[in-house]
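What follows is a single structure, written as C-alpha cells, with notes after it.
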Amino acid sequence: MKIFLQLILDALKDVYVYFKQVAPNILAMLTIILFGFLLARIFRSLLRRFLRALKFDAWSDRMGITAIMRKGGVWSKPGEIIASIIFWLLLIVSIMVGLSALKIPTIANLINEVILYLPNLFSALLILLFGYILAGFIARAVLITAVNSGYQYAKLLAEIVRLLLTVLILAMALEQLNVAPGIVIAAFSIIFGGIIMALAISFGVGGIDSARKMLEKDSAAKDEKKDIEHI
Amino acid sequence: MSDFHQNGIITTLHRLGKPSLQRLEAELVEYAKFRPVALVLPALYSEFEGPAMAGIVEELTKVKFLKEIILVLDKASEKEFRKVQEFMAPISSEVKIIHNDGKRIGEIFDTFSRNGLEVGLRGKGRSAWLAYGYVIGRGQSDVIALHDCDIVTYNREMLVRLCYPVVNPSVDYVFCKGFYSRITDRMHGRVTRLLITPLIRSIQTLRGPLGFINFLDSFRYPLSGEFCMITDVARVNRIPWDWGLEVGSLAEVYRNYSPRRVCQVDIAENYEHKHQALSEHDPEKGLLKMTIDICKSIFRTLASEGSVFSQGFFRSLSVAYLRQAEDTIVRYEADAAINGLEFDRHEEAKAVEAFTRGLIMAAEAFIENPMGTPLIPNWNRVISAIPGILEMMQEAVDEDNR
C-alpha cells in the first residue's frame, strides 16, 4: 500500500515539476496571444479609419474590385474585408509566436515554415490584385481601339484578351504560392500555347485567300514594273 | 372617353368603339419578339395585404408578351420577401424581385452613397429608378412599362394598351403615358383636377406660351403613374425621388425627345386606387406635401428653361391660381350634376385652399433654394462613376431571388 501511494505521489510530483518548468512558458504564450489579439483589434480599427479616409471602398468600386467580390458572393465593404484579413493574419501570427514560447521543437519548425511562406502569400495576393487591374485596363483599351476601328466583334476580342491575361495572372500567382509548380507551368503552357496555336491556325486558314491575293498582287506589280523597264 | 379630339402637342390615343383585346395581345406577342418588354412594379409589402395585388397577379398570369417582370419590394422583412416570392409564383413570365430592405441591395445603396451619388429617400421614384438600372443591366428588354400596385380595378387591357404604342414598330413612340377617369360615386383625382390644370393655365395666363407648360397641358392625366417607354429613355432621364416624380419625368422626356414621339393612351374606362388624405395642416405628408413637391418641380423645370421668377410673380400666381381653381370647381360641379355624381363643393374648396397654401410654401422654398431636392442621377452617369454597378446589382438581385 505504501509503495502504491509512493508511486502516485511520485507521478504527481513529476507533473508538478513539469508544470513548474512549463508554467512560465504557458503564461508567456497566453500573454503573447492576448497582447496580439488586442494589437490586432487596434490595428484593424486604425486600418478601417485609414482606408475610410483614403476612400478605399469608392476606389475599389471604380476599379471593379468590388464587382469581383460580389461575383464571389462577398457582400461586405472592400475596406472591411482588408481590415478583417489583416486582423486574422495578425492574430494567426501572434498565436504562432505564442506557441513558439512553449519551446516545443515540432511547433517551432512548423511556425518557421508558415512564417517563411507568408511573403509568398503576400506577393501572390499583390500579383492577383494588380494583375486584375492591369487586365481590366488592357481589355478596356482593346475594346475602345477595336470599337473605334469598326471591328464587329470588339467585345468578344476584349473578353478574349481579358481571359488570356487572367489565365496568365492565375498561373503567376499559383507559381508564387508553390502550388504544384511543375503542373501549373505545364498546364499554363498547354492552355496558353493551345489558345495561341488555335488563333494562329484559324487566322492562317481564314487568311489563305487574302494572303494569296496579296502575293498575286505583289507579283503582278513586279511583272508590270518589269514591262515598263523593257519599254 | 367618347371624343376623338387631339389636344396639345402630343398624340392622344383614344378608346374608340370596342377594341379587341385579343387582337392587341396577338400583335404584341409578335412585336415583343423583336422589342421585348419589361414590366416594372414598385410595391410596398403592405400592398400585398391589400385588395389590389391578388387581382393584379391574377391578370398578369394571363399576359403572354412580357419578357420579364421586375418587382421592387419596399418595407419588407426577409420573411415577407419570401412570401411575396410565393405570391408571384403563378406568373409564367420571369419575375425578379428587388428586395430594397435586403442586405445586398442595402450594400448597393451604400455603394451609390460612398461614390457621391445621391439617390434620395425610399419611395416610388427611387424604386423605379433602381428597376430601370436592373433592366438596363440585364439587357434583355427594349421597352419598360410601369404601373402602380394599388389598382383595385386592374385589368390586363390596361397593360396591353399602355405598351402597344411603344412596342408596335409602325406606331413607334418613345414614351406613352396612360390616362383614365377616376370615378366612383364622385370624382377623385383632386391634385390633377384642382391643382395641376388650374396652375398651368395660370402660368400660361401670366407668362404666355411656354414650351414645357404646353407639353404638360397636353396630358389629360399628367400625374398618372402608368407609363411605357423605350429603355433608352430610362437610361438618360434624371428623375426626382419625391412626389415631383411624375412631373419631373415628363420634364425630362420633354427635354430629351420631340413631342411628336410622345403620346398618351386611354387605358381604362375607370381606375380606382388608394386615396391620399388632404393633410391640410401638415406640409410633410398627404396632398399638401404632394402639392409642394409638384409645384417645386414645375418651377425648377421652368427656371431651367430660362424663366425668371420673383416674389411678385409668385404673389400674382397664387391669386391667379386661386381664381382659376375656383372656376374649375364650378365646371366640375356642372359635370358632376349631369352625370349624377356626388359633389361636395365645400370639400373641393377646402382642397383648393390647401393647394394654394402649398403653392405659396413651394414658392418660398424655391426662392430660398432654386436647386431644390437633387434629382436622381441618370444611369449613364452612375455607370461612369461605378463601372461594375450593373453587374453588382444583377448579382444582388439574382442571389436574393435564389
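What follows draws every value from the coordinates through simple rules; no lab data is involved. This is a predicted model, so every value here is computed, not measured. When we count neighbours, we look across all protein chains shown, and the Cβ atoms used for this are built from the backbone with ideal geometry, even at glycine.
Brief remarks follow.
- Relative contact order computed over chain A (Cα-Cα under 8 Å; 6+ residues apart), in percent: 16 percent
- Inter-site label distance for A:ILE104 and B:ALA54 at 7 Å from Cα along Cβ, in nm: 6.7 nm
- Gaussian network model of chain A, Cα within-10 Å springs - most flexible of A:LEU102, A:LEU177, A:LEU156: A:LEU156
- Chain B - mean residue ellipticity at 222 nm from DSSP helices (-39,500 (n - 2.57) per run, n ≥ 4, rounded to 500): -16000 deg cm²/dmol
- For segment A:1-103, dividing the convex hull volume of the Cα atoms by the residue count gives 127 Å³ per residue.
- Taking amide H atoms as placed 1.01 Å from N in the peptide plane, the amide H of B:GLU272 lies under 5 Å from those of B:VAL152, B:THR153, each 5 or more residues away in sequence or on another chain.
- In the protein assembly as shown, taking the dipole from charged Cβ atoms about the Cα centre, the farthest positive-side position among A:GLY193, B:ILE91, A:ILE104 is held by A:ILE104.
- Considered as an equivalent ellipsoid built on the Cα gyration tensor, chain B has semi-axes of 33, 26, 21 Å, the largest given first.
- Gap separating the Cα centres of segment A:33-87 and segment B:217-256, nearest whole Å: 40 Å
- Charge dipole of chain A about the Cα centre (unit charges at C-beta), most positive-ward option of A:GLY207, A:GLY150, A:GLN176: A:GLN176
- For B:VAL40, the residues whose amide H sits under 5 Å from its own are B:ILE70, B:ALA145, B:LEU146, B:HIS147, ignoring neighbours fewer than 5 places away on the same chain, with H placed 1.01 Å from N.
- Computed FRET value (nearest 0.05) for A:ILE138 with A:LYS13, which takes r as the C-beta separation and R₀ as 60 Å: 0.25
- Estimated inter-spin distance, B:THR61 and A:ARG41, nm [label 7 Å along Cα→Cβ]: 5.6 nm
- Cβ neighbours within 10 Å from other chains - mean over A:58-67: 5
- The Cα center of segment A:107-146 and the Cα center of segment B:53-77 differ in position by 45 Å.
- Check: chain A dipole with +1 on Lys, Arg Cβ and -1 on Asp, Glu Cβ, in debye: 1120 debye
- Summing Cβ point charges (Lys, Arg +1; Asp, Glu -1) relative to the Cα centre of the protein assembly as shown gives a dipole of roughly 1540 debye.
- Angle of helix A:208-230 to the longest C-alpha principal axis of chain A, folded into 0 to 90 degrees and rounded to 10: 40°.
- Annotation: amide H of B:ILE239 within the under-5 Å range of B:ILE376, sequence separation 5 or more or interchain, hydrogens built in the peptide plane.
- DSSP beta bridges confined to chain B are antiparallel in about 25 percent of cases.
- Computed E for B:THR205/B:LYS285 - FRET, C-beta separation, R0 30 angstrom, nearest 0.05: 0.45
- Backbone geometry of segment B:246-262 corresponds, through the Karplus equation with coefficients 6.51, -1.76 and 1.60 at θ = phi - 60°, to 3J(HN,Hα) couplings of 5, 5, x, 5, 5, 4, 5, 4, 4, 5, 9, 9, 6, x, 4, 9, 10 Hz, x marking Gly and Pro.
- Mean separation of Cα contacts under 8 Å (6+ apart) over length of segment A:1-103, as relative contact order %: 46 percent
- The coefficient of translational diffusion for segment A:118-157, derived via Stokes-Einstein from the alpha carbon Kirkwood radius under 37 °C and 0.692 mPa s, stands at 285 µm²/s.
- Net charge dipole, segment A:1-103: roughly 400 debye, given to the nearest 20, about the Cα centre with Cβ charges of +1 for Lys and Arg and -1 for Asp and Glu.
- To the nearest ten degrees, helix B:103-114 and the longest principal axis of the Cα atoms of chain B are 60 degrees apart.
- Rounded tilt (10° steps) of B:311-339 against the dominant C-alpha axis of chain B: 80 degrees
- Counting 0.36 nm for each residue step from B:ARG23 to B:VAL171 and taking away their Cα separation leaves a gain of 51.7 nm.
- Converting phi to 3J(HN,Hα) with the Karplus coefficients 6.51, -1.76 and 1.60 and the offset θ = phi - 60°, segment A:78-91 yields x, x, 5, 5, 4, 4, 5, 4, 4, 4, 5, 4, 5, 5 Hz in sequence order, with x at every glycine or proline.
- Listed by chain and number, the lysines whose alpha-carbon sits under 24 Å from that of B:LYS75, ignoring those within fewer than 8 places in the same chain, are A:LYS77, B:LYS83, B:LYS96, B:LYS103, B:LYS124, B:LYS274, B:LYS285, B:LYS289.
- Cα Rg, Dmax, segment B:80-213, angstrom units: 19.2, 54
- From phi via Karplus (6.51, -1.76, 1.60), per-residue ³J(HN,Hα) for segment A:122-130 in Hz, x at Gly/Pro: 5, 5, 5, 4, 4, 4, 4, 5, 5
- Computed log₁₀ I(q)/I(0) - Debye formula, equal Cα scatterers, no solvent, chain A, q 0.08, 0.10, 0.18 Å⁻¹: -0.59, -0.77, -1.36
- Classified by the C-alpha gyration tensor, the protein assembly as shown has an oblate form. Its axis ratio a/c, with a ≥ b ≥ c, is 1.5 or above, and a/b does not exceed b/c.
- FRET efficiency for the pair B:GLU399 and B:LYS33, taken as 1/(1 + (r/R0)^6) with r the Cβ-Cβ distance and R0 = 25 Å, rounds to 0.25.
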